[in-house]
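What follows is a single structure, written as structure tokens, with notes after it.
The values are calculated or read from the model by the stated rules, or taken from the named source; none is laboratory data. Just so you know, these numbers come straight off a predicted model, no measurement behind them. We place every Cβ from the backbone using ideal geometry, glycine too, and count neighbours over all the protein chains shown.
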Amino acid sequence: MFYNLEFANPWWLLLLTVLPLLIIYYVLRKRKLYPTINFSNTENVQNIHKTNRQRLFFIPFLLRLLALLFFILAMARPQGSISRQNIDVEGIDIIMAMDISGSMLARDFKPDRLESAKKVASEFIKGRPNDRIGLVAFSGEVFLQCPLTIDHLLLDTLFQALYSGMIEDGTAIGDGLALAVYHLKKSQAISKVIILITDGVNNRGSMDPITAAEIAALYGIRVYTIGVGSMGMAPFPVQTPLGIQFVPMEVQIDETLCTKIANITGGKYFRAQNENKLREIYKEIDQMEKSKINVSNYNKKTEHFLPFVIIGAILLLIEILFKYTVFKTIP
């Protein structure tokens with residue numbers, strides 16, 4: 001890191017050439033006001049010494065000169081420049097495709113799969129401050145909840161606004177993946193990633209998931225698929241005449257399909273049986289997706305003219321104070 005001081009308006013520094021002229025003018029004027037007298041004999045004046053006031057009579061002029069110096073420097077706008085070289089910045093483009101179908105309300109996660117998945121995904125987003133991240137939601141239909149953005153606060157707000165039942169129920173994995181690819185394909189990022197979270201089997205939509213995966217691979221997009229759900233049975237909420245009842249149902253995740261999608265695109269399939277495992281999966285993805293972008297030069301400038309103005313003003317006030325008190329002359 002290097003710190004440099006430079007001037008935004010350096011032509012004002014030409015006024016510094018006036019300062020030596022002012023010094024010459026001051027010396028000549030002093031000689032004119034206080035002429036010398038020649039004596040044939042100096043014995044009578046040898047014991048006469050200058051007072052402290054006479055010795056320091058130049059101070060007001062010096063203060064005014066320094067004040068002018070600082071004012072000129074302020075007008076030249078001094079700027080501090082912090083430079084860094086050879087910085088590695090991590091940054092990729094990520095679309096998160098989230099299943100919000102009714103089965104995501106299963107209670108094998110606390111409080112349910114969807115809320116748990118949103119919580120862990122939010123933690124993942126906070127750990128990627130340099131990435132542009134977007135959000136696609138799918139069920140029986142699909143929609144873009146948030147385009148690629150660096151505004152992670154907005155993204156998190158939109159993420160938390162997701163709930164099961166927003167759209168028609170079902171699991172359109174192919175359509176959800178295709179929409180994520182569509183919004184990621186034009187990205188100029190070195191690394192483009194889709195994280196697809198689902199807990200079911202593709203049973204809706206018009207796009208075949210394998211075809212969508214092949215399109216993703218064509219655009220150099222890696223897809224990490226995460227199957228959310230415990231092994232065996234899980235309590236699912238079911239509407240009955242007596243209200244919502246939790247009924248044990250078999251957990252069905254098309255792991256074969258999720259694995260094929262990941263393999264086609266160069267990604268990886270994960271199975272999350274609980275929230276801790278889901279958190280571990282996101283950490284593993286986080287470690288795998290660390291694209292380094294070398295920045296040869298970074299420069300940040302800050303204005304520093306104000307201290308020069310303040311110092312100049314203080315010097316001018318002191319000069320005026322001295323001129324009309326200690327060094328006051330009789331008109």
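Out of everything in the range 296-317 that is over 30 Å from Ile59 (Cα atoms) and surrounded by 12 or more Cβ atoms within 10 Å (Cβ to Cβ), what residue ends up being modelled with the lowest pLDDT? Among those that are over 30 Å from Ile59 (Cα atoms) and surrounded by 12 or more Cβ atoms within 10 Å (Cβ to Cβ), it is Tyr298. Of all residues in the range 249-288, those satisfying the criterion of being aliphatic (A, V, I, L, M) and closer than 24 Å to Gly102 by Cβ are Met249, Val251, Ile253, Leu257, Ile261, Ala272, Leu278, Ile281.
Can Tyr224 be described as closer than 30 Å to Pro248 by Cα, assigned by TED's automatic domain parsing to the domain that holds Gln273 and of a type in the set (Ser, Thr, Tyr)? Criteria met by Tyr224. Scanning the range 207-247 for residues that are surrounded by 12 or more Cβ atoms within 10 Å (Cβ to Cβ), hydroxyl-bearing (Ser, Thr, Tyr) and assigned to a strand (DSSP E or B) yields Tyr224, Thr225. Counting the residues of the range 129-144 that are under 28 Å from Asp254 (Cβ atoms) and surrounded by fewer than 18 Cβ atoms within 10 Å (Cβ to Cβ) gives 4. Within the option set Gln145, Gln239, being over 23 Å from the mean Cα position of the chain (by Cα) and assigned by TED's automatic domain parsing to the domain that holds Lys260 holds for one residue only, Gln239. With among the β-branched types (Val, Ile, Thr), assigned to a strand (DSSP E or B) and either outside the structural domain of His304 (by TED's automatic domain parsing) or modelled with pLDDT of 90 or more (or both) as the only criterion, which of Ile94, Ile125 stands out? Sole residue among the options that is among the β-branched types (Val, Ile, Thr), assigned to a strand (DSSP E or B) and either outside the structural domain of His304 (by TED's automatic domain parsing) or modelled with pLDDT of 90 or more (or both): Ile94.
Residues that are surrounded by 23 or more Cβ atoms within 10 Å (Cβ to Cβ), charged (D, E, K, R) and assigned to a helix (DSSP H, G or I) within the range 155-203 comprise just one, Asp175.
Annotation note: of Arg132, Arg107, Arg113, the sole residue that is touching a residue at least 40 places away in the same chain (Cβ under 8 Å) and under 31 Å from the mean Cα position of the chain (by Cα) is Arg132.
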